């Protein structure tokens, strides 16, 4: 009897977790063009037309730095695996 109750509780908890995951997926899947336009207009109002290119330039530098860091880590891992591989610059 206790075993059956514990199995039912496990199934209930798994169902609750599944519902939470599905609601989270649906929350992010509902983003469409109108929502993106609204967010872009809010950003434009908050930062103004002159600041946005500066923000994008900083974002581009950050992405470039991140990619360079990933490449360096990848080369270090390859170097650890095969010591004959030299670092590319």
Check your understanding: Against the longest alpha carbon principal axis of the chain, how many degrees, from 0 to 90 and to the nearest 10, is the axis of helix 2-29 turned?
Key -> 40
Exercise for review: Could you list 1, 22 in order of exposure, starting from the residue whose Cβ has the fewest other Cβ atoms within 10 Å?
Suggested key: 1, 22
Review point. On a 0 to 90 degree scale, rounded to 10, what angle separates helix 33-81 from the longest Cα axis of the chain?
Key: 80
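Relative to the present Cα-Cα distance, how much length would full extension add between residue 66 and residue 12 at 0.36 nm per residue of separation?
Working: separation 54, 0.36 × 54 = 19.44 nm, distance 4.23 nm.
The residue 66-residue 12 span can extend by a further 15.2 nm.
If you stretched the chain out fully between residue 80 and residue 24, how much longer would it get, using 0.36 nm times the residue separation minus the C-alpha to C-alpha distance? Present the calculation step by step, with values, prior to reporting the outcome.
Working: separation 56, 0.36 × 56 = 20.16 nm, distance 3.99 nm.
Fully extending the segment from residue 80 to residue 24 adds 16.2 nm.
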Study note, to complete from the structure: Over the chain, the quotient of the Cα radius of gyration and 2.2 N^0.38 Å is 2.02
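We did not get these values from a lab; they are worked out from the coordinates using the rules stated. Not measured: the values here are computed from a predicted model. Here Cβ is always computed from backbone atoms with ideal geometry, including for glycine, and neighbour counts include all displayed protein chains.
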